[in-house]
Amino acid sequence: MARRATGVGAALRRLVALAIFGGLAACGVAAWLVMTPRQISNEVIVDIPRGSGTRQIADLLAREGVLDSALPFLAARLLQPGRKLQAGEYAFSGEMSPWQVFRKIARGEIYYREVNFPEGSNLFDMAEKLESEGMLPGAAFRKAAMNPALIRDIAPQAPSLEGYLFPATYRITKHTTPESLVKEMTARFRRAWKQAGGQGDVHQYVTLASLVEKETGVGDERTKVASVYRNRLDRGMKLDCDPTTIYAALLEGRYRGTIYRSDLNNPHPYNTYQHPGLPPGPIANPGVQSLSAALKPAQTEYLFFVAKGDGSGGHVFSTSVEGHNKAVENYRRAQKGKPTSPPAGSTGSGRSGGA
């Protein structure tokens, strides 16, 4: 009996050894399968639908040429059975192993493109950029941006989302829609408004901030520009803001790249050369600095400003018509005879001859 027991024990040990050896060999084969890279000559974009299982994903990757076959991806799954594979659009290029492919999908490294909207962009600028870069249809974005429903709770009088589409860099994926993008942009605005210390009449301040944003790109001038408009509002003077005439023409689909006398005479509600007070809504999308300037303008007596004409982007600020007219003449001399009438960045008598 002792010999028989010894023989059985030896057999069991051999079986265990074979099983271990087989397991190690299987692990070695699996490791070789998942770690061996292959060259993906051209970038491949693969869209993994929601609800896809490991086998479906593996077959899709093989079919699209990311993998030679589904087997290495399935082997990678055996090595990490608990990892969740995330749906979405992925880009694969260069030399990649099946393990790297698996990890990319497990980490959710979804393919996206970035679009940057500079401060002062209006919804027409944004739509054109999205269209020209092949990200979203411009007309569809404009339609979504013209619907003010997303900010009704804080700005019930807003005619559109203009002013509330916060200028920043956004990620665009295959599944981004105009509606989802404007929702993200208005959410970013809400955070920026809070950052700027926003309180009071949101729509009034955002409208004023949009004028400031369009009039100067010089950071330390923004509170001065805001003070000019606030002083004119307090005195019942028309704002005479050039960018509002441009925006009126944009809304009517007839802007021709420059301001004409017909634009200044246009009775459109957004034209502040014809109507006192702020326009019905923002004319662009301001950044945090312009929002802050609108909320807390500088304490000045300025009523006018005009571009310096030296290429600095700065302005000369004046408290009187006489001082402003002199600044306008200096601007024109600085242009060395180039056509400058009316001068860019002018508020007040630079265009109309009087406040």
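The values are calculated or read from the model by the stated rules, or taken from the named source; none is laboratory data. This is a predicted model, so every value here is computed, not measured. Note that each Cβ is placed from the backbone with ideal geometry, even for glycine, and that neighbours are counted across all protein chains shown.
Name the one entry in 316, 321 that is in contact with a helix residue (DSSP H, G or I) (Cβ under 8 Å, 6 or more places away or on another chain) and surrounded by 18 or more Cβ atoms within 10 Å (Cβ to Cβ). Don't jump to the end; show me each part of the working.
Working: 321 fails: surrounded by 18 or more Cβ atoms within 10 Å (Cβ to Cβ).
Selected residue: 316, the only one of 316, 321 that is in contact with a helix residue (DSSP H, G or I) (Cβ under 8 Å, 6 or more places away or on another chain) and surrounded by 18 or more Cβ atoms within 10 Å (Cβ to Cβ).
Quick one: in region 103-119, which of the residues that are of a type outside the set (A, V, I, L, M, F, W, C) and under 21 Å from residue 137 (Cα atoms) is farthest from the chain's Cα centre (by Cα)? Full working, then the answer.
Of all residues in region 103-119, those of a type outside the set (A, V, I, L, M, F, W, C) come to 103-104, 107-109, 111-114, 116, 118-119.
Next, from what is left, pick out any that are under 21 Å from residue 137 (Cα atoms): 111-114, 116, 118.
Numbers: 111: 17, 112: 13, 113: 11, 114: 8, 116: 5, 118: 8 Å.
Result: 111.
What number goes with the only condition from (1) crowded, with 22+ Cβ neighbours inside 10 Å; (2) not in a loop (DSSP other than H, G, I, E, B) that residue 167 does not pass?
It fails just one condition, (2).
Can you go through 138, 198 and tell me which one is at pLDDT 95 or above, more than 12 Å from the chain's Cα centre (by Cα), surrounded by 17 or more Cβ atoms within 10 Å (Cβ to Cβ) and not aliphatic (A, V, I, L, M)?
138
Are any residues in region 89-109 of a type in the set (A, V, I, L, M, F, W, C) and either assigned to a helix (DSSP H, G or I) or not assigned by TED's automatic domain parsing to the domain that holds residue 52 (or both), and if so, which ones?
Across region 89-109, the qualifying residues are 99, 101, 102, 105, 106.
Of all residues in region 257-307, which are more than 22 Å from residue 230 (Cβ to Cβ) and over 29 Å from the mean Cα position of the chain (by Cα)? Give the derivation first.
From region 257-307, those more than 22 Å from residue 230 (Cβ to Cβ) are 257-268; that's our starting set.
Scanning region 257-307 gives 260, 261, 262, 263, 264, 265, 266, 267, 268.
Which residue out of 131, 119, 114 is of a type in the set (Asp, Glu), more than 23 Å from residue 280 (Cα to Cα), out of contact with any strand residue (DSSP E or B) (no Cβ under 7 Å at 6 or more places or on another chain) and surrounded by fewer than 22 Cβ atoms within 10 Å (Cβ to Cβ)?
Testing whether each residue is of a type in the set (Asp, Glu), more than 23 Å from residue 280 (Cα to Cα), out of contact with any strand residue (DSSP E or B) (no Cβ under 7 Å at 6 or more places or on another chain) and surrounded by fewer than 22 Cβ atoms within 10 Å (Cβ to Cβ) leaves just 131.
Give me the pairs, please: first residue somewhere in region 182-205 and closer than 19 Å to residue 124 by Cβ, second residue anywhere and aliphatic (A, V, I, L, M) and part of a helix (DSSP H, G or I), beta-carbon distance under 8 Å, and either six or more positions apart or on two chains.
If the second residue must be aliphatic (A, V, I, L, M) and part of a helix (DSSP H, G or I), the pairs left are 182/144; 182/145; 182/150; 186/150; 186/151; 189/151.
Give just the number: which of (1) in contact with a His (Cβ under 9 Å, 6 or more places away or on another chain); (2) in a helix (DSSP H, G or I) does residue 77 not satisfy?
Result: residue 77 passes all but (1).
Scan region 128-153 and report the pairs whose first residue is part of a helix (DSSP H, G or I) and whose second residue is of a type in the set (Ser, Thr, Tyr), with Cβ atoms within less than 7 Å and a gap of 6+ or a chain change.
What qualifies is 145/160; 148/160; 150/186; 151/164; 151/186.
Just need a number here: residues in region 86-104 that are out of contact with any helix residue (DSSP H, G or I) (no Cβ under 7 Å at 6 or more places or on another chain) and on the phi < 0 side of the Ramachandran plot.
Within region 86-104, residues that are out of contact with any helix residue (DSSP H, G or I) (no Cβ under 7 Å at 6 or more places or on another chain) and on the phi < 0 side of the Ramachandran plot number 9.
Does region 280-337 hold any residues that are small (Gly, Ala, Ser) and in a loop (DSSP other than H, G, I, E, B), and which are they?
So the first thing to find is which residues in region 280-337 are small (Gly, Ala, Ser), and the list is 281, 284, 287, 290, 292-294, 298, 307, 309, 311-314, 318, 320, 323, 327, 334, 337.
Within region 280-337, 281, 284, 287, 298, 309, 311, 312, 313, 314, 320, 337 meet the criteria.
Of everything in region 31-52 that's surrounded by fewer than 10 Cβ atoms within 10 Å (Cβ to Cβ) and not in a strand (DSSP E or B), which residue is farthest from the chain's Cα centre (by Cα)?
Within region 31-52, the match that is farthest from the chain's Cα centre (by Cα) is 51.
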